[in-house]
Structures are given as structure tokens and as C-alpha cells.
Amino acid sequence: MPDPADQNARAHAEDAGQPKRRRRDLRRADGEMTDVRTGTMPAVTPNTSNQPDPSQPATTRTSWAEAAAAADEAKQKPHVPAPTRAPASAEQATPGTTSLQPDAAGQVPSMPSDAPSDIPVFRRSRPTVADTISDSPMPDFISSPGLFVREQKPRPVGGFRGAIYKLTGGAWNLGPGAKQRQEDELARRISRQLQGSYNTAVLSLKGGIGKTSTTVGVGLTLAAYRGDAPCAIDANPDSGDLVERALGEGIYQQSSPRTITDLLKNIESVDSLTALAQYMHHAGRLHLIAGEQDPEVSDSLTAEEYLRIRRLVSSYYSVALTDCGTGVTHNAMSGILQSADNLVIAAGYAVSGAKRARSTLHWLASHGYEDLARNAIVVITDKDEVSSRVDKDAIEEHLAGICRELIAVPHDRGVADGDLVTLDVLKPETRRAYKEIAAAIVDGYR
């Protein structure tokens, strides 16, 4: 018997060499190999395009999804070279370049690899959306809001336009009429924002012609249309009644009767608006400093004392009105004119009132106040309702040429009675006149 060791060695030799059983190679007659029933595996050529770039770091894939995503990222779009063409003729070719001409068969030879690279490229370029946006000017959203939002017409109030607006529920908006537009323009002028504090003096040479009523009416109008509250100072040396005309006699007597004299005694301790309010009276948003009622001390207000009051008021109020009383020669008058930014000259339709108003303007011009006289506003109040014998037009023409503006206040019992002056009980024409005066005053603040 053969040795088992020899059998094992022979078996190992057969495994290392020829197979134990040989399979038949099925070949077709044409010599092509079929790998269906053959025992050989087809040769697979490796795809080098999918091989990783040795210069790129190896990517660790932990799942099929990540591997697919990495494969998609690795795909590069095929590079399509820009179309080039040679010039149509040798004359059009760029000097120093090689022109390719077709051969006899009509084929254009390819460019040699060592050909110069400065051949002109003819490429049609179209502007993109980004180029169009960058070239177009950027609209200004702040200074030109009308480019994006249609302007809305103001709502008409009263009249035919207002009735149409109400009947149609706002569907038909014809806009405000001419009268309402004028009223809106006056309100805009009155409410103009001011930089600093300004003072207007209201004076006359004759009493009883509407000086104090004008101060109250204009002060209430300023308070109604301005964002900041105005202040009115009674500097009348003859026991002025400014606060009584603004509050009413009964209310003033019930309140604490603090006057300008009380404020002067404690002016050093007034360091805030709250402290100042203890010496003031309030008619709505109009703040008032009452004049001295004691005849023995009413004429004691000096120019220096008035200037101290004015400096204190200027710290908290942008608009101040000063009721100066009758005349221009009393003690405080020099301080009032020195701190005034413009003047309101009160006059009447009587011949004597018009003459006194003209005399006041001449006196101011001849005593160093030419600018105040030139920019003064003359207010003619028809307080006593003069008869038809008085030529009102002639009086207005007589005063209009020597002042900046002349405004007439029609006769109104709410002014003529000498009692409480409130805008609610005044005629529309009277309220309109006070609005014109207030607008003219604010226009003079420069």
C-alpha cells in the first residue's frame, strides 16, 4: 500500500498545479469565447475615470447614501470650450496670428499645439439679470415714497366735497376744496418746528382797541395747533387783565392769585418747569403769568426784572407772547423791545386808532428798532363796530405800506364784551383772523 504521507504530498502538488478535473472549453466556430459555460472569468478592465485622485484626501464613507452623495459631488461637468473661428479673410486677421485656410477637400486643419494663444475669440455676450440690476439706478425709498405707495388724498371736511365723501362712504374722494387747503396751510405754518425760544410783544398807544383780546386769541390758537405749549406774560403796568380774559373772572379769583411779582421774589429757587408752574395759570394748553394787580406796585416792573423773567421762560417755552400794556415808554418797555423777535401793533378802525398805530411804528423806527417796525404785524380789530361813515379800506391802505402784514379782525361780541375769550364761541371769521396772525408771527421767527 502506498504511504499516506506520499498520498498527501501528491494531493498538495495537484492543488498547486493542475486542477483535479478539467472542464471542457466550449468555443464557437468563429473562435469567440463564450463565458456562459466556460470555467474562465471574463477579463475586466478597470475604469480609471472613477479612481480617486491621489492628490485629494481619501473620503471615508459610512453609508450608501453618503457614498452616493460623494460620487455626485465628484462628477465634473464636461468642459465645453468656447467657440472660436478664424477671421473671414487674411485682411481681417489680427497681425501676428496664424490664419487657418481650408484645404482642397474643404476641411479646416486643426490648430497645432504650438500655435500662439492670442487668436481673437468671437463670443456673443448677453447681459444677465444681475448686470441689468447693477446698471439700473437704485430707487430712493426715503425721499421718494410715492414711487411705491400711491399718495392718498386728504379727507374733505364740510361743503359739497365733504357731503359726497360721506354719502359714498369714502369711495369718492374729491379732495379738500380751496378753503380747506388754505386752512391746512395756515395750520402747517403755525405748527412749524422752531429751533430756540422766541418772543412776540403786543403793544399799542391807546387802550381798549383789542390788544389783550388779541394776545389771548392768538395764544389760544398757538396752543391749539402747536406741539409745544406757548406762554403769555402780562407785563401791563396798569393792572392788566390778561389772565381774567383767558380764564374768566370767577375762575381766576378762585385760583391762587400768584403774579409776576411773586415769581420775581422767588426766581432764584425756580430751577424746573414744575417749580415754574406754581407761579403760572393754565387756560388749556396756554400757560400764563399774571400781571400785578396792586396799583401801588404794578408800575414797579423794570426792564432788568422783565429780562430775568424772559430768560427763565425761554428755558422751557419756544413761543412767548408779552402783553405790554399801553404806551412804549414805561419802565419795562426797553427790556421788552430788547428781547422781542417781532411785534404786533394793535389798532382800531377809528381815525385816532389808525393814527396812533402809525405813530407807534414811526417811534420804533426812530429809536433804534427799525427791524421791529419793518417786520411788525398790524392788527385792526373792529371792536366797536364803527359806522359806515368810516372808510375801512382807506385806513387799511394807510397802514399797510409801513408794516410787514396787516390783518383785520371782524366785529365779534365774544371779543367786544371784554370778558372771557374762548375760541369755541367766536365767529369762524374771527378764528380765521387769529390763525392768520399766529401764522404771521411764527413766519417771523427766523
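The values are calculated or read from the model by the stated rules, or taken from the named source; none is laboratory data. Everything quoted here is computed from the prediction, not taken from an experiment. Because the Cβ atoms are built from the backbone with ideal geometry, glycine has one as well, and the counts that use them run over all protein chains shown. Note: areas computed on protein heavy atoms with side chains; ligands, DNA, RNA excluded. Shrake-Rupley method; radii C 1.70, N 1.55, O 1.52, S 1.80 Å.
A few comments on the model shown:
- Residue-level accessible surface for TYR198, protein heavy atoms, 1.4 Å, Å²: 30
- Sparse-neighbour loop sites [GluC sites (Glu not before Pro); the range 268-365; at most 10 other C-beta within 10 Å; DSSP]: GLU296
- About its Cα centre, the range 400-439 has a charge dipole of approximately 160 debye under the convention of +1 per Lys or Arg Cβ and -1 per Asp or Glu Cβ, with nothing else charged.
- When the pairs LYS179/LYS355; LYS179/LYS206; LYS179/LYS383; LYS211/LYS427; LYS211/LYS392 are compared against a 29 Å limit on Cα-Cα distance, LYS179/LYS355; LYS179/LYS206 fall above it.
- With all protein chains modelled, accessible area of LYS392 [1.4 Å, Å²]: 70
- Cβ-derived FRET efficiency at R0 56 Å, ALA71 paired with ALA187, nearest 0.05: 0.15
- Loop-resident sites, the range 342-438, for GluC sites (Glu not before Pro), counting at most 11 other Cβ within 10 Å (DSSP): GLU385
- Of all accessible heavy-atom area on the range 193-276, the percent that carbon and sulfur account for (1.4 Å): 47
- For the range 338-387 versus the range 192-236, the gap between their alpha-carbon centres in whole angstrom: 15
- Using Cβ point charges alone (K and R +1, D and E -1), the dipole size of the range 280-394 about the Cα centre works out to roughly 320 debye.
- Whether the range 316-446 is rounded, prolate or oblate, judged on the alpha carbon gyration tensor where a/c under 1.5 counts as rounded: oblate
- Surface per residue (accessible, 1.4 Å probe) for the range 359-418, Å²: 55
- Computed in the context of the full set of protein chains, the accessible area of the range 384-439 at 1.4 Å probe radius has 44% of its extent on carbon or sulfur.
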